[in-house]
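Undergrad: First, the structure itself, so that you have it in front of you.
The values are calculated or read from the model by the stated rules, or taken from the named source; none is laboratory data. The structure presented is a predicted model; accordingly, all values stated were derived computationally and were not measured. We place every Cβ from the backbone using ideal geometry, glycine too, and count neighbours over all the protein chains shown. Heads up: the accessible areas ignore ligands, DNA and RNA and are worked out on the full protein's heavy atoms, side chains in. Shrake-Rupley method; radii C 1.70, N 1.55, O 1.52, S 1.80 Å.
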Amino acid sequence: MHVLGIESTAHTIGASVVSEKGIISNVNSVYIHPKGSGIHPREAAIHHSEEGPKVIKEALRNAGIDINDLDAIAISLGPGLGPCLRVGATLARYLSLKFSKPLVPVNHAVAHIEIARFACKASDPLVVYIAGGNTIISTLVDGRYRIFGETQDIAIGNAIDYFGRVIGVDYPELINVEKLAMEGKEIYELPLPVKGQDVSYSGLLTAALKLVKEGKKLEDVCLSFIEHVYATLCESVERALAYTGKKELLLTGGTARSLILKEKLKYVAQEHDASFAVVPAEYAGDNGAMIAYTGFLAFKSGVRINVEESYVKPMWRIDEVDIIWHTN
Ligand code: FE2
């Protein structure tokens with residue numbers, strides 16, 4: 001069985017083929033935003049519509065499969081940026097209709113978790129999913145990925161990226177802010193916004209940028225900001241580990257590329273006698289493979305969607321999806 005997966009929720013247009021043998025191709029093209037600005041949805045969508053057909057052809061070619069021999073086409077319908085989502089959805093619907101292939105809806109956030117579970121061989125983890133647009137602590141309970149903590153405003157990745165753009169570091173802002181933080185010596189006191197199980201970063205971001213305006217040493221402000229951002233997340237993760245009693249902690253999403261956070265979460269896991277794993281770098285950012293793999297699991301379990309109902313869902317929450325392919 002071969003499933004083609006298409007990803008286009010934000011800056012990446014990706015395509016991949018997955019079969020019983022695993023991930024047999026994974027081709028991705030990333031829209032790089034101009035320095036000083038975030039992703040412009042329309043510009044990213046133009047990139048995706050130009051690159052999408054090439055990416056899909058290359059994924060099929062690398063997999064050595066003709067499009068007629070596919071069993072299904074999986075598409076990431078959300079959450080994400082509307083203009084970007086619509087490019088991938090349009091391509092998937094067109095291919096589904098033209099080649100008479102079933103269409104399989106995939107939630108992008110679920111896919112980040114599934115690819116990490118697959119790559120790290122995690123059986124029943126507490127998952128920390130952090131990216132530009134998402135900060136979610138989740139585990140599978142009664143057939144759904146339930147949320148045990150999330151951001152109440154901006155995501156951890158967006159907070160660090162925005163901070164990085166204001167202080168003028170290059171892309172990828174996360175890594176470059178962390179590099180500056182590693183040269184810092186003094187930690188200034190900032191808000192530690194843990195609200196129940198949830199976190200919140202907008203106030204912390206404002207407070208850190210105020211320190212920049214006041215002329216505090218940039219490396220010290222980066223250190224202070226990063227330490228407070230990660231401390232809030234670690235506190236929420238620690239509460240979730242204690243509450244759920246899970247013995248595996250799994251980090252996934254684009255922000256999993258962080259140089260510093262994984263050390264902190266590893267420590268949190270140790271404190272709770274849990275193992276710790278991080279999604280491999282090639283599957284950390286958005287990619288076609290995570291959609292193809294999740295689509296493969298879903299298709300095998302009978303998940304389908306009619307083309308007429310396959311509208312995009314920019315706010316599609318992870319806990320709205322029935323996970324019928326896992327027993328736990
Ligand atoms: Fe993502």
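Undergrad: Report the residue count in segment 145-157 for those that are surrounded by 22 or more Cβ atoms within 10 Å (Cβ to Cβ) and farther than 17 Å from Cys234 by Cα.
TA: Of the residues in that region, 1 qualify.
Undergrad: Do you know which of the residues in segment 253-297 that are open to solvent by less than 50 Å² (accessible area, probe 1.4 Å), part of a loop (DSSP other than H, G, I, E, B) and more than 16 Å from the ligand (Cβ to nearest atom) is nearest to Gly52 (Cα to Cα)?
TA: Here the residue is Ile260.
Undergrad: Still on this structure, I have one more. So is Leu250 within 21 Å of Ile137 (Cα to Cα), assigned by TED's automatic domain parsing to the domain that holds Tyr188, of a type outside the set (Phe, Trp, Tyr) and crowded, with 17+ Cβ neighbours inside 10 Å or not?
TA: Judged against the criteria, Leu250 is a match.
Undergrad: Another question, then. Tell me, yes or no, whether segment 178-198 has at least one residue that is modelled with pLDDT of 95 or more, buried (at least 22 other Cβ atoms within 10 Å of the Cβ) and of a type in the set (Val, Ile, Thr).
TA: No, that holds for no residue.
Undergrad: Being assigned by TED's automatic domain parsing to the domain that holds Leu140 and among the basic types (Lys, Arg) is the filter; apply it to segment 82-123 and report the residue that is least open to solvent (accessible area, probe 1.4 Å).
TA: Here the answer is Arg117.
Undergrad: Give me the pairs: first residue in segment 68-81 and open to solvent by 10 Å² or more (accessible area, probe 1.4 Å), second residue part of a strand (DSSP E or B) and of a type in the set (Val, Ile, Thr), beta-carbon distance under 7 Å, and six or more apart or on different chains, which are they?
TA: Pairs that qualify, where the first residue is open to solvent by 10 Å² or more (accessible area, probe 1.4 Å) and the partner is part of a strand (DSSP E or B) and of a type in the set (Val, Ile, Thr), are Asp71/Val3.
Undergrad: Please pick out the residue among Asn68, Asn62 that is closer than 28 Å to Ala119 by Cα, among the polar types (S, T, N, Q) and part of a helix (DSSP H, G or I).
TA: Within the list Asn68, Asn62, the selection yields Asn62.
Undergrad: Any residue at all in segment 304-319 that is within 15 Å of the ligand (Cβ to nearest atom), closer than 21 Å to Pro102 by Cβ and part of a helix (DSSP H, G or I)?
TA: Within segment 304-319 (the criterion being within 15 Å of the ligand (Cβ to nearest atom), closer than 21 Å to Pro102 by Cβ and part of a helix (DSSP H, G or I)), the answer is no, since none of the residues qualifies.
Undergrad: Sort out which residues of segment 89-135 are in a loop (DSSP other than H, G, I, E, B) and within 16 Å of the ligand (Cβ to nearest atom), and write them in order of number.
TA: Ala131, Gly132, Gly133, Asn134
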